1. Where does the chain land at 222 nm, in deg cm²/dmol rounded to the nearest 500, when only DSSP H runs of n ≥ 4 count, each adding -39500 (n - 2.57), divided by all residues?
2. If we count every other residue with Cβ under 12 angstrom of residue 147's Cβ, Lys/Arg +1 and Asp/Glu -1, where does the sum land?
3. Could you identify which residue out of 219, 210, 114 has the top mean-square fluctuation in a GNM of the chain using Cα springs shorter than 10 Å?
4. Could you work out what % of the accessible surface of segment 92-246 is carbon and sulfur, using a 1.4 angstrom probe and leaving DNA, RNA and ligands out of the count?
5. Quick one: net charge of residue 191's neighbours, Cβ under 13 Å, K/R +1, D/E -1?
6. For segment 28-91 and segment 176-231, what is the centre-to-centre distance using only Cα atoms, to the nearest Å?
7. With θ taken as phi - 60° and the coefficients 6.51, -1.76 and 1.60, list the Karplus ³J(HN,Hα) couplings across segment 45-62 in order, rounded to whole Hz; mark glycine and proline as x.
8. Provide the per residue accessible area, probe 1.4 Å, for segment 1-100, rounded to a whole number of square angstrom.
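The values are calculated or read from the model by the stated rules, or taken from the named source; none is laboratory data. On a predicted model such as this, the values are computed, not experimentally measured, just so you know. Ideal geometry is used to build each Cβ from the backbone, glycine not excepted, and the neighbour counts take in all protein chains shown. Heads up: the accessible areas ignore ligands, DNA and RNA and are worked out on the full protein's heavy atoms, side chains in. Shrake-Rupley method; radii C 1.70, N 1.55, O 1.52, S 1.80 Å.
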Amino acid sequence: MKVDILASGSSGNCIALTSGQSTILVDAGIAKTKIEKRLLEVGITPNKIEAIFITHAHKDHTKGLPLANKYKIPVYAGEEEWKSIEIVEEDLMQVVDSEGEFFNHGVGVSPFNTHHDAYDPKGYIIQGDKYKVSVCLDTGKVDEFMLHAMQNSDVYIIESNHEPRMVEASSYPNSVKARVLSDVGHLSNKQTAAALTELIQGKGEQIYLTHLSSNNNMTALAEMTTVRALIKKGFKRDIHYKLEVI
């Protein structure tokens with residue numbers, strides 16, 4: 001399966017996943033024209049997108065949904081998330097729940113519940129070409145159900161959002177600090193590393209650390225935290241797994 005992370009971070013998130021001739025998007029959080037441009041840059045024609053799966057309705061995950069209206073692409077989101085999404089034509093709106101599995105031309109998509117300050121946030125398991133990809137973005141914690149859903153993946157796309165000490169020392173209002181650090185906020189580097197030590201088996205998995213805070217994290221810090229945690233499990237980078245920070 002081909003993975004193209006078109007955008008990552010608080011300014012917008014969008015992931016393209018291609019299996020055979022079928023491409024889906026997870027999130028569309030940058031402007032429609034930017035999504036079109038970046039799709040073409042990686043060799044994907046926008047009118048070939050089969051579906052868009054939304055993790056939750058915050059703007060950095062939904063800003064580009066006019067793309068769906070233009071190309072008549074069905075958009076899937078948790079039922080309650082549709083309370084906050086108003087820019088999608090009604091006939092394109094589809095509901096996902098954590099008991100369902102959705103197939104789009106050979107690509108299987110299964111949602112799982114996450115923990116974020118949204119109505120009905122989801123992560124997604126995408127399967128095709130004998131590959132399993134886990135997408136776990138905004139969530140304040142990773143529970144046992146999430147670990148079970150993601151286990152045995154070939155690719156992990158997971159947020160490593162912040163370093164708590166940087167959040168605490170930041171100029172953010174106390175209410176924002178509390179939100180980020182809460183169980184319905186975002187994953188810290190340490191939380192992400194802990195989840196990956198439970199998931200990585202050393203079979204050559206690809207890890208993408210995503211959704212880094214531009215104010216409260218550093219690429220090297222996120223990278224180092226996960227690499228050190230996996231070393232303690234006996235896994236060496238580029239031998240047992242691969243890692244990229246986006």
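1. Numbers: 8 runs with 66 residues, N = 246.
The helix contribution divided over the chain gives -7500 deg cm²/dmol.
2. -2
3. Looking only at 219, 210, 114, the largest GNM fluctuation is found for 219.
4. On the way: 3730 of 7400 Å².
Its accessible area is 50 percent carbon and sulfur atoms.
5. Values: positive: 141, 190; negative: 138, 143, 159, 163, 183, 198.
Around residue 191, the surrounding residues sum to -4.
6. About 26 Å separates the Cα centre of segment 28-91 from the one of segment 176-231.
7. Once rounded to whole Hz, the list reads 7, x, 6, 9, 5, 7, 6, 10, 10, 9, 6, 6, 8, 4, 4, 6, 10, 10.
8. Dividing the accessible area of segment 1-100 by its residue count gives 43 Å².
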